[in-house]
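To keep things clear, I will list the structure first and then write my remarks on it.
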Amino acid sequence: MDSKIFLVRHGRPVLPDQELRFLGRTDLPLSPQGIEQAEALRQVFGPIPLAAIFHSGLKRASETAAIIGKGRGIPLEEVPDLQELAFGEWELRSIGEARELDPDGFREREKDFAAFRPPGGENFHDGKRRAWPAFNEILARTEGNLLIAAHAGIIKTLIYTHLDMPLSSIFSMRQDYCGVHVLDRFEGHLTVRRLNWAPALMP
């Protein structure tokens, strides 16, 4: 069956400020802006049939999934292995705060983004080991179009793994809030059709 896979990053969560922070397992809900972003996607997906919707279980992803799936009458399934990377002692810290807290670790991170693991946290290879099998298990048991609401680190890991690209270059691809990656599925094969599309990108 010819179908589509939609990988959707959650909307903007409630954050203390506009700084870029290491947000992993802290369970923050969507901000008013994030709700608007998810509502805009709901309008986009309105005419598109979806057989199933999956999410990581963290509020920012589950709320995004619920908004997009509103009125469809299909269950929302939680898949914990799609949760964002755990950042350990760096959790919720800004880039500057993490550099000040752990200057040696920050230098190691800049040498190899994929391999570096914050104290008490995960690296991108850890994320791949749990998320890639979970993603393939979803594909194996779900026919038709499906949507997965998850997180920047995990979504980019799935895309890079599918394309057989090195995780060390993972920050070469942008991932916006409610950015959508579209994959075509035909006879078991996946083809990337679109990366990081969002309604806000339209004129």
>> Looking at the range 92-109, can you tell me whether even one residue there is of a type in the set (A, V, I, L, M, F, W, C), at pLDDT 95 or above and surrounded by fewer than 19 Cβ atoms within 10 Å (Cβ to Cβ)?
In response: yes
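Does the range 52-59 contain at least one residue that is assigned to a loop (DSSP other than H, G, I, E, B), in contact (Cβ under 8 Å) with a residue 60 or more places away in the chain, within 13 Å of the chain's Cα centre (by Cα) and farther than 22 Å from residue 194 by Cβ? So that I can check it myself, show each step before the final result.
Residues of the range 52-59 that are assigned to a loop (DSSP other than H, G, I, E, B), as a first pass: 56-58.
Next cut, in contact (Cβ under 8 Å) with a residue 60 or more places away in the chain only: 56, 58.
Still in the running and within 13 Å of the chain's Cα centre (by Cα): 56, 58.
Checking which are farther than 22 Å from residue 194 by Cβ leaves us with 58.
Yes, that holds for at least one residue.
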> So which residues in the range 176-203 are in a loop (DSSP other than H, G, I, E, B) and either without any contact (Cβ under 8 Å) to a residue 24 or more places away in the chain or at positive phi (or both), if there are any at all?
Replying inline: 178, 187, 188, 202, 203
> Do you know which residues across the range 147-175 are closer than 14 Å to residue 196 by Cα, touching a residue at least 12 places away in the same chain (Cβ under 8 Å) and in a helix (DSSP H, G or I)?
Replying inline: 152, 153, 154, 155, 156, 157, 158, 159, 160, 170, 171
> Residue check, residue 85 against (1) crowded, with 18+ Cβ neighbours inside 10 Å; (2) touching a residue at least 24 places away in the same chain (Cβ under 8 Å); (3) in a helix (DSSP H, G or I), all met but one. Which one?
Replying inline: (3)
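Residue-wise test of (1) under 12 Å from the mean Cα position of the chain (by Cα); (2) closer than 20 Å to residue 146 by Cα.
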residue: 62; (1), (2): yes, yes
residue: 70; (1), (2): no, yes
residue: 77; (1), (2): no, yes
residue: 84; (1), (2): yes, yes
residue: 87; (1), (2): no, no
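Here is a yes/no grid of residues against (1) in a loop (DSSP other than H, G, I, E, B); (2) hydroxyl-bearing (Ser, Thr, Tyr); (3) in contact with a Leu (Cβ under 7 Å, 6 or more places away or on another chain); (4) on the phi > 0 side of the Ramachandran plot:
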| site | (1), (2), (3), (4) |
| --- | --- |
| 6 | no, no, yes, no |
| 19 | yes, no, no, no |
| 24 | yes, no, yes, no |
| 35 | no, no, no, no |
| 38 | no, no, yes, no |
| 61 | no, no, no, no |
| 66 | no, no, yes, no |
| 73 | yes, no, no, yes |
> Which pairs have Cβ atoms under 9 Å, sit 6 or more apart or on different chains, and link a residue in the range 1-28 that is free of Cβ contacts under 8 Å to residues at least 60 places away in the same chain to one that is surrounded by fewer than 12 Cβ atoms within 10 Å (Cβ to Cβ)?
Replying inline: 14/32
> Given 40, 51, which one is of a type in the set (Gly, Ala, Ser) and crowded, with 16+ Cβ neighbours inside 10 Å?
Replying inline: 40
> Hey, does the range 103-125 have a residue that's in a loop (DSSP other than H, G, I, E, B), in contact with a His (Cβ under 7 Å, 6 or more places away or on another chain) and of a type in the set (D, E, K, R)?
Replying inline: no
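The values are calculated or read from the model by the stated rules, or taken from the named source; none is laboratory data. In this text, all values refer to a predicted model and were calculated from it rather than measured experimentally. Note that we place each Cβ from the backbone using ideal geometry, even for glycine, and neighbour counts take in every protein chain shown.
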